[in-house]
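The block underneath contains the structure these notes are about, expressed in structure tokens.
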Amino acid sequence: MRSIVHLSDTHFGRINHHVISPLIEAITKITPDLVAVSGDLTQRASTHQFKEARAFLDRLPTPQIVVPGNHDVPLHNVAARFLQPLRKYRRHITDDLRPFYHDDEIAVLGVNTARSLTFKEGRINEEQVAWMSERLYACDPAVVKIVVTHHPFDLPEGHNERNLVGRARMAMEALARCGADLFLAGHLHVSHTSHSATRYNIKGHSALLVQAGTAASTRGRGEESSFNVVRIDRPQIAVERFEWQPERGEFGLVMSERFRHTSDGWVRVSVTGQL
């Protein structure tokens, strides 16, 4: 069995300082096998904000898979945005824009979907998909194969289609062929789980698409700060959401969803708590 803590959109520079220590304490107590951070570590990609984010990551368990988000690309410094868009991210967070972790139960890779030419939207390209496919094809078919991006492959109801990662269908079709099981993303500051079969309708394939809310930003968009815990024991996966509870001053479990792998892919078998 493996456990992955999935958090996103900390937005250092615009955070709720009250949640940081309880967030670190809650994650540490879970003792995850891996921490996956799906982008937007900073609000405006400043040196100070990246240093704060780095200090935060240093207090979390390891190993970690971290990818950048659109807010980690400079907005107002046009030269930096187009010539060295991730210079500060690479200096303070990680120089690895294709992080990969694997053991005998899980294979997890991260991909950068942030782009200089767009302020908010993201994109994935054929070169990235080819690398992802090569990595996942090489893995034992018995492991659970996981992709971490900032921009999502699916959306909660009512969200603009422009928020989907660009070239999502091309990527999903390729990754379905190499057995991708689980996609972790952020960006929208809204928690959400869905099945890829609903949007992409690829025969015999139904991956889990899991969205994390914001872990620490004041831009909660109707939700308290939260993070996910993904517990993997193939052929079963549980996705748990832990949410900030101000009256108690801690993060608590508010929902658990359980999924089972079938001949048609991953299907939901139970929900406890909110949906």
Need the failing condition index for residue 272 against (1) surrounded by fewer than 23 Cβ atoms within 10 Å (Cβ to Cβ); (2) part of a loop (DSSP other than H, G, I, E, B), just the number. (2)
Would a scan of segment 226-241 turn up a residue that is loosely packed, with under 13 Cβ neighbours inside 10 Å and closer than 22 Å to residue 28 by Cα? yes
Matching option when the condition is surrounded by 15 or more Cβ atoms within 10 Å (Cβ to Cβ) and either in contact with an Asp or Glu (Cβ under 7 Å, 6 or more places away or on another chain) or part of a strand (DSSP E or B) (or both), among 66, 19: 66
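Residue-wise test of (1) part of a strand (DSSP E or B); (2) in contact with a Ser or Thr (Cβ under 9 Å, 6 or more places away or on another chain).
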| site | (1), (2) |
| --- | --- |
| 206 | no, yes |
| 214 | no, yes |
| 220 | no, yes |
| 230 | yes, yes |
| 238 | yes, yes |
| 242 | yes, yes |
| 248 | no, no |
| 255 | yes, yes |
| 259 | yes, yes |
Name the pairs whose Cβ atoms lie under 9 Å apart, with the first residue in segment 245-256 and at pLDDT 95 or above and surrounded by 13 or more Cβ atoms within 10 Å (Cβ to Cβ), the second among the polar types (S, T, N, Q) and assigned to a loop (DSSP other than H, G, I, E, B), and 6 or more positions between them or separate chains? 251/225; 254/274; 255/191; 255/274
Look through segment 31-63, keep the residues that are surrounded by fewer than 24 Cβ atoms within 10 Å (Cβ to Cβ) and within 16 Å of residue 213 (Cα to Cα), and return whichever of them is modelled with the highest pLDDT. 35
Of all residues in segment 107-157, how many are in contact with a Gly (Cβ under 7 Å, 6 or more places away or on another chain) and closer than 18 Å to residue 265 by Cα? 3
Tally the residues that are within 30 Å of residue 243 (Cα to Cα), surrounded by fewer than 19 Cβ atoms within 10 Å (Cβ to Cβ) and among the acidic types (Asp, Glu), restricting the search to segment 160-196. 1
Any idea which residue in segment 141-170 is farthest from residue 35 (Cα to Cα), counting only those that are of a type in the set (Val, Ile, Thr) and in a strand (DSSP E or B)? 144
Scan (1) in contact with an Asp or Glu (Cβ under 7 Å, 6 or more places away or on another chain); (2) outside any strand (DSSP E or B) for the single condition residue 121 breaks and write down its number. (1)
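The values are calculated or read from the model by the stated rules, or taken from the named source; none is laboratory data. Small disclaimer: the values here were computed from a predicted structure and weren't measured. Glycine also receives a Cβ, built like all others from the backbone with ideal geometry; neighbour counts cover every protein chain displayed.
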